[in-house]
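K.L.:
Sharing a structure, written as structure tokens. Questions coming.
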Amino acid sequence: MADKNNDFKKNPFSLQVDLSRFSPSQFDLATEEEKAQQEVMSESTTFFKDGMRRLKKNPLAMMSIVVLVLIVLACVVGPMVVPYGYEEMISVNGRRDKTAKNLMPFTWSKNEQKAIDEGQKLFPHILGTDEQCRDYFVRILYGTRVSLAVGLFASIIVLIIGLLYGSVAGYAGGRVDLIMMRIVDIIYSLPDMLMVILLSVIMKETLAPLIQNTVLAGLGVNMISLFLVFALLYWVSMARLVRGQILTIKENEYILAARSIGAKPARIIRQHIIPNCLSVIIISTALQVPSAIFTESFLSFLGMGVQAPMPSLGSLANAARSGLQSYPHKLVFPAVVICLIVLSFNLLGDGLRDAFDPKLRR
Amino acid sequence: MAKYVVKRILLAIVTVFIICAITFFGMNAIPGGPFDSEKAPSPEVKAVLMERYNLDKPVIVQFGLYLKNLAHGDFGVSLKTGRDIMKTISESFAVSAKLGGMAAAVALACGIVFGSIAALNRNKWPDRLIVFLSTLATAVPSFVLATLLLLVFCIQLGWFPVFSTDSQNYVLPVIALSLYPMAYTTRLTKTSMLDALGQDYVRTARAKGVAPVKVIFKHGLRNALIPVITYAGPMIAYILTGSLVVENIFTIGGLGSKFVTGITNRDYPMVMATTIFLATLMVVMNLICDLVYKLVDPRITFD
């Protein structure tokens with residue numbers, strides 16, 4: 001048979017492939033490696049992964065993440081390392097050291113110097129001490145902690161209220177929507193800062209007897225009134241945003257499909273609408289944090305924020321004004337920390353918007 | 001058009017009324033009355049005083065009386081100084097309006113110029129510098145900036161007096177107040193200018209040989225400024241609230257410092273009067289800005 005095949009003369013015009021020119025090894029199955037070479041499509045990505053990839057390419061956003069992580073780490077670890085408390089007055093050998101007043105960074109008071117000469121080991125005052133002999137570095141760390149906590153919690157409160165209100169208004173539509181949005185319009189046109197100041201003064205006075213001897217008393221009245229003020233005033237823009245998103249998403253076919261197979265409104269909101277407007281919500285929450293920190297520091301600066309002796313960056317800056325001429329560093333440090341936090345959150349928010357907002361994609 | 005204007009005016013009136021109600025009932029909810037200080041008068045005197053200031057009537061009646069007096073421009077009397085609040089407000093508002101007006105003018109003028117420069121030099125070094133600086137400026141709270149300016153220029157360099165009642169040291173307060181709105185105006189002008197220059201009519205104008213300067217000013221800038229008008233309302237609100245601390249720091253006796261000292265002194269009628277006055281001012285300014293915005297651009301429809 002083989003001979004006969006060889007004898008076969010190929011028609012010059014035949015398109016049949018001449019198999020004798022190939023070796024059998026060339027007809028082996030392709031290895032995994034060779035298959036991979038043929039892959040034209042890149043790995044399929046999710047919306048989140050795609051956004052993260054974009055975010056990682058944005059140097060400013062990544063830098064602000066690093067700065068924020070460092071600040072958070074310092075706030076958490078710092079007070080454990082430094083052996084002073086935020087309201088603790090410096091004492092040497094168990095006795096209050098009155099000479100440790102308004103020390104410059106990395107200096108010792110007379111009594112401390114004596115103790116060191118006698119062979120004691122003391123922790124340095126990295127940023128000096130304040131007018132009440134308290135370690136300033138620890139106070140700044142706690143102040144940063146308070147400011148960050150206020151920013152985060154206020155944003156979460158705003159997020160929850162705005163999300164609920166906006167999704168109900170947007171989903172219900174009709175007259176319910178009209179009335180709910182009129183209320184939003186009115187709250188929106190209230191001058192926020194004045195109302196914040198006024199409400200925090202009012203609440204501080206009226207809440208104090210209410211929360212006495214409860215768990216909340218530990219937080220301080222000012223802090224709670226601050227949160228309440230945020231809860232009352234700042235949710236409106238979030239509610240507007242969520243409502244607007246829902247109104248556009250509601251018109252999509254998949255919502256119609258879900259409704260036609262009998263899905264309940266709550267399920268449609270949870271499963272179909274919220275995930276689709278999630279990116280916009282996350283971005284505006286990220287941008288809410290710095291504005292909350294701004295407001296808190298503004299109020300603390302006016303002496304209406306957190307309760308003394310608990311420090312906050314704003315109240316530290318305010319306290320530094322009295323000794324501005326002699327101890328300018330006391331103003332500079334809290335000011336720099338506020339600016340760093342706000343700047344980082346702003347840049348991160350901008351980066352998130354560029355990475356996750358589908359409308360900006362080019 | 002008329003329907004929209006009427007609707008907006010009604011909404012503004014409702015807002016002002018709500019502000020009055022919140023301030024009034026809020027202040028009344030605070031325990032303690034104006035005559036419960038340490039030097040408390042005898043019960044008889046107190047009763048007379050309560051009757052004199054209508055404090056013996058139910059809160060809702062007091063509110064009605066307060067509104068009636070308010071409509072006549074009567075804010076009552078300060079508890080600390082005993083002076084007529086309306087007089088105090090009109091005096092201190094003159095100072096605040098001067099400071100705020102200068103700050104607003106500086107913010108708008110510089111913001112529009114910087115924004116246009118950034119847009120016309122897109123992705124070149126002037127653009128990058130302006131964007132960098134404006135991002136930085138939005139992260140500095142006004143009170144921090146004001147205190148730092150005071151520290152550097154008044155104390156360290158001694159260029160300006162730390163305390164003076166003349167008008168010559170308005171330079172630093174104006175800078176402190178105008179930096180944030182300036183940065184925002186810059187960013188806003190830049191984006192809307194880029195948007196305007198990308199329009200078809202600009203290409204047409206260039207194609208038919210209109211002088212480049214004329215294209216930039218007449219076709220570009222005039223259209224780019226329309227969104228800036230909408231920012232004027234929030235900007236006035238920012239400047240008014242910002243002046244609360246800036247006036248306090250630079251010891252300028254404006255409305256803001258009256259408000260802050262009113263709060264620290266627990267001078268409730270003063271706080272109430274200043275809040276109502278400032279809030280009404282902001283609401284009215286917002287209304288005017290919105291209406292002007294719609295009037296300037298005939299493409300915007302009323303709905």
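K.L.:
Taking A:VAL337, is it closer than 24 Å to A:ILE161 by Cα and within 14 Å of chain B (Cβ to nearest Cβ)? Don't jump to the end; show me each part of the working.
P.N.:
Working: closer than 24 Å to A:ILE161 by Cα: no; within 14 Å of chain B (Cβ to nearest Cβ): yes.
When the stated conditions are applied, A:VAL337 does not pass them.
K.L.:
Then there is this: Just need a number here: residues in the range B:65-86 that are loosely packed, with under 12 Cβ neighbours inside 10 Å and either in contact (Cβ under 8 Å) with a residue 24 or more places away in the chain or farther than 20 Å from B:VAL45 by Cβ (or both).
P.N.:
Kept after step one, since they are loosely packed, with under 12 Cβ neighbours inside 10 Å, are these residues of the range B:65-86: B:68, B:71-73, B:82.
Remaining after also requiring either in contact (Cβ under 8 Å) with a residue 24 or more places away in the chain or farther than 20 Å from B:VAL45 by Cβ (or both): B:68, B:71-73.
The qualifying residues number 4.
K.L.:
Also, I was wondering about something else. Quick one: how many residues across the range A:298-322 are of a type outside the set (D, E, K, R), within 11 Å of chain B (Cβ to nearest Cβ) and either surrounded by fewer than 21 Cβ atoms within 10 Å (Cβ to Cβ) or part of a loop (DSSP other than H, G, I, E, B) (or both)?
P.N.:
Total satisfying the criteria: 3.
K.L.:
Further question: Looking only at the range A:189-196, decide whether some residue is over 24 Å from A:VAL150 (Cβ atoms), buried (at least 20 other Cβ atoms within 10 Å of the Cβ), at pLDDT below 80 and not aliphatic (A, V, I, L, M). Talk me through it step by step, then tell me what you get.
P.N.:
The initial filter retains those residues of the range A:189-196 that are over 24 Å from A:VAL150 (Cβ atoms), namely A:189.
Next, from what is left, pick out any that are buried (at least 20 other Cβ atoms within 10 Å of the Cβ): A:189.
Those left that are additionally at pLDDT below 80: A:189.
Then drop every residue that is not not aliphatic (A, V, I, L, M), which leaves A:189.
Yes, the range A:189-196 contains at least one residue that is over 24 Å from A:VAL150 (Cβ atoms), buried (at least 20 other Cβ atoms within 10 Å of the Cβ), at pLDDT below 80 and not aliphatic (A, V, I, L, M).
K.L.:
Still on this structure, I have one more. Among B:THR261, B:THR204, B:THR191, which is closer than 27 Å to B:LEU99 by Cα and either of a type in the set (Gly, Ala, Ser) or not in a loop (DSSP other than H, G, I, E, B) (or both)? Can you show your working first?
P.N.:
Details: B:THR204 fails: closer than 27 Å to B:LEU99 by Cα; B:THR191 fails: closer than 27 Å to B:LEU99 by Cα.
So the residue among B:THR261, B:THR204, B:THR191 that is closer than 27 Å to B:LEU99 by Cα and either of a type in the set (Gly, Ala, Ser) or not in a loop (DSSP other than H, G, I, E, B) (or both) is B:THR261.
K.L.:
Another question, if that's okay. Scan the range A:174-194 for residues that are free of Cβ contacts under 8 Å to residues at least 12 places away in the same chain and either more than 23 Å from B:LEU10 (Cα to Cα) or facing chain B (nearest Cβ under 10 Å) (or both) and jot them down. Break it down stepwise before answering.
P.N.:
Start the filter on the range A:174-194 by keeping residues that are free of Cβ contacts under 8 Å to residues at least 12 places away in the same chain, which leaves A:174-176, A:178-179, A:182-183, A:185-186, A:189, A:191, A:194.
The answer is A:ARG182, A:ASP185, A:ILE186, A:SER189, A:PRO191, A:LEU194.
K.L.:
Which residue is nearest to B:VAL171 (Cα to Cα), if the candidates are limited to the range B:101-135 and must be within 14 Å of another protein chain (Cβ to nearest Cβ) and within 22 Å of the chain's Cα centre (by Cα)? Spell out the reasoning first.
P.N.:
Within the range B:101-135, the first condition is being within 14 Å of another protein chain (Cβ to nearest Cβ), and the residues that meet it are B:128, B:131-135.
Add one more test, that the residue is within 22 Å of the chain's Cα centre (by Cα), and what stays is B:134-135.
Details: B:SER134: 20, B:THR135: 23 Å.
Per the criteria, the residue is B:SER134.
K.L.:
Scanning the range B:99-158 for residues that are among the polar types (S, T, N, Q) and touching a residue at least 60 places away in the same chain (Cβ under 8 Å), which turns out farthest from B:ILE229 (Cα to Cα)?
P.N.:
First, the residues of the range B:99-158 that are among the polar types (S, T, N, Q): B:116, B:121, B:123, B:134-135, B:138, B:142, B:147, B:156.
Narrowing further to those that are touching a residue at least 60 places away in the same chain (Cβ under 8 Å): B:116, B:142, B:147.
Working: B:SER116: 15, B:SER142: 22, B:THR147: 30 Å.
Only one residue tops the list, namely B:THR147.
K.L.:
Hey, does the range A:154-164 have a residue that's of a type in the set (Val, Ile, Thr), in a helix (DSSP H, G or I) and over 20 Å from A:LEU226 (Cα atoms)?
P.N.:
First, the residues of the range A:154-164 that are of a type in the set (Val, Ile, Thr): A:156-158, A:160-161.
Within this subset, residues satisfying the condition of being in a helix (DSSP H, G or I) are A:156-158, A:160-161.
Filter once more, keeping what is over 20 Å from A:LEU226 (Cα atoms): none.
For the range A:154-164, residues of a type in the set (Val, Ile, Thr), in a helix (DSSP H, G or I) and over 20 Å from A:LEU226 (Cα atoms): absent.
K.L.:
Condition (residue is without any contact (Cβ under 8 Å) to a residue 60 or more places away in the chain, closer than 23 Å to A:PHE333 by Cα and either outside any loop (DSSP other than H, G, I, E, B) or over 40 Å from the mean Cα position of the chain (by Cα) (or both)) applied to the range A:88-97: is it met by at least one residue? Give the derivation first.
P.N.:
From the range A:88-97, those without any contact (Cβ under 8 Å) to a residue 60 or more places away in the chain are A:88-97; that's our starting set.
When the remaining residues are screened for being closer than 23 Å to A:PHE333 by Cα, the result is A:88-90.
Pick out the ones that are also either outside any loop (DSSP other than H, G, I, E, B) or over 40 Å from the mean Cα position of the chain (by Cα) (or both) and you get A:89.
Yes: one or more hits.
K.L.:
Further question: When the residues of the range A:323-334 are filtered to those that are more than 9 Å from every other protein chain (Cβ to nearest Cβ) and out of contact with any Asp or Glu (no Cβ under 9 Å at 6 or more places or on another chain), which remaining residue is farthest from B:CYS154 (Cα to Cα)?
P.N.:
Applying the first criterion (more than 9 Å from every other protein chain (Cβ to nearest Cβ)) to the range A:323-334 yields A:323, A:326-327, A:329-330, A:333.
Filter once more, so that each one left must be out of contact with any Asp or Glu (no Cβ under 9 Å at 6 or more places or on another chain): A:326, A:329, A:333.
On the way: A:SER326: 13, A:HIS329: 16, A:PHE333: 19 Å.
Applying the filter and picking the extreme gives A:PHE333.
K.L.:
Answer yes or no as to whether A:VAL289 is closer than 27 Å to A:MET195 by Cα, surrounded by fewer than 24 Cβ atoms within 10 Å (Cβ to Cβ), more than 8 Å from chain B (Cβ to nearest Cβ) and modelled with pLDDT of 85 or more. Reasoning before the result, please.
P.N.:
Working: closer than 27 Å to A:MET195 by Cα: yes; surrounded by fewer than 24 Cβ atoms within 10 Å (Cβ to Cβ): no; more than 8 Å from chain B (Cβ to nearest Cβ): yes; modelled with pLDDT of 85 or more: yes.
Here the answer is no, as A:VAL289 does not meet what is asked.
K.L.:
If A:MET104 passes every condition in (1) surrounded by fewer than 18 Cβ atoms within 10 Å (Cβ to Cβ); (2) closer than 30 Å to A:LEU256 by Cα but one, which one does it miss?
P.N.:
A:MET104 satisfies every listed condition except (2).
K.L.:
Answer yes or no as to whether B:PRO41 is within 11 Å of another protein chain (Cβ to nearest Cβ), within 22 Å of B:TYR268 (Cα to Cα), at pLDDT below 75 and not in a helix (DSSP H, G or I).
P.N.:
Details: within 11 Å of another protein chain (Cβ to nearest Cβ): no; within 22 Å of B:TYR268 (Cα to Cα): yes; at pLDDT below 75: yes; not in a helix (DSSP H, G or I): yes.
No: the conditions fail for B:PRO41.
K.L.:
Just one of the numbered conditions (1) surrounded by fewer than 21 Cβ atoms within 10 Å (Cβ to Cβ); (2) modelled with pLDDT of 85 or more is not true of B:GLY158; which one?
P.N.:
Single failed check for B:GLY158: (2).
K.L.:
Just to verify a result, which residue in the range A:27-65, among those that are acidic (Asp, Glu) and loosely packed, with under 13 Cβ neighbours inside 10 Å, is farthest from B:LEU136 (Cα to Cα)? Before you say what the answer is, go through the steps one by one.
P.N.:
First, the residues of the range A:27-65 that are acidic (Asp, Glu): A:28, A:32-34, A:39, A:43, A:50.
Within this subset, residues satisfying the condition of being loosely packed, with under 13 Cβ neighbours inside 10 Å are A:28, A:32-34, A:39, A:43.
Values: A:ASP28: 64, A:GLU32: 53, A:GLU33: 51, A:GLU34: 52, A:GLU39: 46, A:GLU43: 39 Å.
The qualifying residue farthest from B:LEU136 (Cα to Cα) is A:ASP28.
K.L.:
Can you name the residue in the range B:242-287 that is in contact (Cβ under 8 Å) with a residue 24 or more places away in the chain, of a type in the set (S, T, N, Q) and buried (at least 21 other Cβ atoms within 10 Å of the Cβ) and is also nearest to B:GLY26 (Cα to Cα) among such residues?
P.N.:
That would be B:THR275.
K.L.:
For A:GLN271, only one of the following conditions fails: (1) surrounded by fewer than 17 Cβ atoms within 10 Å (Cβ to Cβ); (2) at pLDDT below 80. What is its number?
P.N.:
Tallying (1) surrounded by fewer than 17 Cβ atoms within 10 Å (Cβ to Cβ); (2) at pLDDT below 80, A:GLN271 fails exactly one: (2).
K.L.:
Residue under question is B:ALA224, and the condition is that it be in a helix (DSSP H, G or I) and within 12 Å of another protein chain (Cβ to nearest Cβ); does it hold? Explain how you work it out, then say what you get.
P.N.:
On the way: in a helix (DSSP H, G or I): yes; within 12 Å of another protein chain (Cβ to nearest Cβ): no.
No: the conditions fail for B:ALA224.
K.L.:
Going by the conditions given, is B:ILE239 part of a loop (DSSP other than H, G, I, E, B) and buried (at least 22 other Cβ atoms within 10 Å of the Cβ)?
P.N.:
Values: part of a loop (DSSP other than H, G, I, E, B): no; buried (at least 22 other Cβ atoms within 10 Å of the Cβ): yes.
Answer is no for this residue.
K.L.:
Within the range B:240-265, track down each residue that is within 10 Å of chain A (Cβ to nearest Cβ) and among the hydroxyl-bearing types (Ser, Thr, Tyr).
P.N.:
Result: B:THR241, B:THR264.
K.L.:
Exactly one condition in (1) more than 20 Å from the chain's Cα centre (by Cα); (2) in a helix (DSSP H, G or I) is not met by B:PHE160; state its number.
P.N.:
Every condition holds for B:PHE160 apart from (2).
The values are calculated or read from the model by the stated rules, or taken from the named source; none is laboratory data. This one's a predicted model, so the numbers in the text were calculated from it and none came from an experiment. Don't worry about glycine lacking a Cβ; one is built from the backbone with ideal geometry, like all the others, and counts go over all protein chains shown.
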